[in-house]
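Notes follow the structure.
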Amino acid sequence: MCWLCDHPDAKWPDYLNHMRDMISTYGWAVQSVERQRVHPPWAYTVGLTAAGRPELVVTGMSAHRAWHLLNDVAEHVLHAGALVPGDQHALEGGPLIEVVELTEPTAHLLVAVELYGQKLRAQQIVHADDRGHWPWDVGYRGVRGGQPVLGVRAAPSAGAA
């Protein structure tokens with residue numbers, strides 16, 4: 001259930017204060033956006049910008065799975081540094097991922113834009129399906145509506161895992 005649904009008398013500034021409290025306590029928060037008809041769900045971090053890191057986005061994944069994935073990756077980037085676009089990583093207990101820099105983060109990260117302004121950066125955590133196919137591959141099996149890729153793929157770096 002969404003925070004605003006659980007707090008029917010609250011207004012948008014109250015929600016932003018709630019997000020600020022979450023960021024202050026944990027270092028970041030995860031904002032989920034539910035499926036809208038044929039448009040798949042997506043989720044993103046809010047707060048990594050304050051630590052000098054790009055925000056993280058995942059599309060085409062349930063809110064619960066996205067929350068776990070984004071929290072795991074956010075914790076990693078806060079301690080080890082930002083991910084490199086084009087690199088692929090096999091996550092322990094998770095999907096194979098590839099990092100894609102968002103072309104226009106302000107179009108999708110509304111809460112982060114509200115808190116940090118128009119100049120924020122974001123990276124998408126693109127995930128392979130259960131057969132190792134990517135959204136750009138023929139035969140990709142994702143959720144209804146697919147997994148929109150919000151940027152342009154980069155060539156993998158020499159040290160990609």
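Read the figures in this text as sums done on the coordinates, not as results from a lab. Note that the structure is a prediction, hence the values are computed from the model and not measured. Here the Cβ positions follow ideal geometry from the backbone for every residue, glycine too, while neighbour counts run over all protein chains shown.
Summarising the label geometry, the points placed 7 Å from Cα in the beta-carbon direction at Asp137 and Lys11 lie 5.0 nm from one another. Counting charges near Ala80 (Lys, Arg +1; Asp, Glu -1) among other residues having Cβ under 15 Å from its Cβ returns a value of -3. When the helices of the chain are scored as -39500 (n - 2.57) per DSSP H run of n ≥ 4 and the total is divided over every residue, the value at 222 nm lands at -8500 deg cm²/dmol.
Working from Cα pairs under 8 Å separated by at least six residues, relative contact order for the chain is 22 percent. Pairs of C-alpha atoms in the chain farther apart than 20 Å represent 49 percent of all such pairs.
The gain in end-to-end length when the Arg65 to Val152 segment is fully stretched comes to 28.9 nm, 0.36 nm per residue minus the alpha carbon separation.
The charge dipole of the chain, taken about its Cα centre with unit charges on the Cβ atoms of Lys, Arg (+1), Asp and Glu (-1) only, comes to about 300 debye. Each of Asp9, Asp87, Asp129 was scored by other Cβ atoms within 10 Å of its Cβ. Listed from fewest to most, they are Asp9, Asp87, Asp129. Against the chain, whose longest principal axis is taken from its Cα atoms, helix 12-26 shows a tilt of about 60°. With a cap of 12 neighbouring Cβ atoms within 10 Å, and only residues DSSP puts in a loop, list the chymotrypsin sites (Phe, Trp or Tyr not before Pro) found in the stretch 98-161. Taking the stretch 98-161 and a limit of 12 other Cβ atoms within 10 Å, the loop chymotrypsin sites (Phe, Trp or Tyr not before Pro) found are Trp136.
Exposure proxy ranking for Trp12, Trp134, based on other Cβ atoms within 10 angstrom of each Cβ and starting from the fewest, stands as Trp12, Trp134.
In plain terms, the residue of Ile97, Ile125 with the fewest other Cβ atoms within 10 Å comes first and the most crowded comes last, giving Ile97, Ile125. Axis angle, to the nearest 10 degrees, between helix 63-80 and the longest C-alpha principal axis of the chain: 80 degrees.
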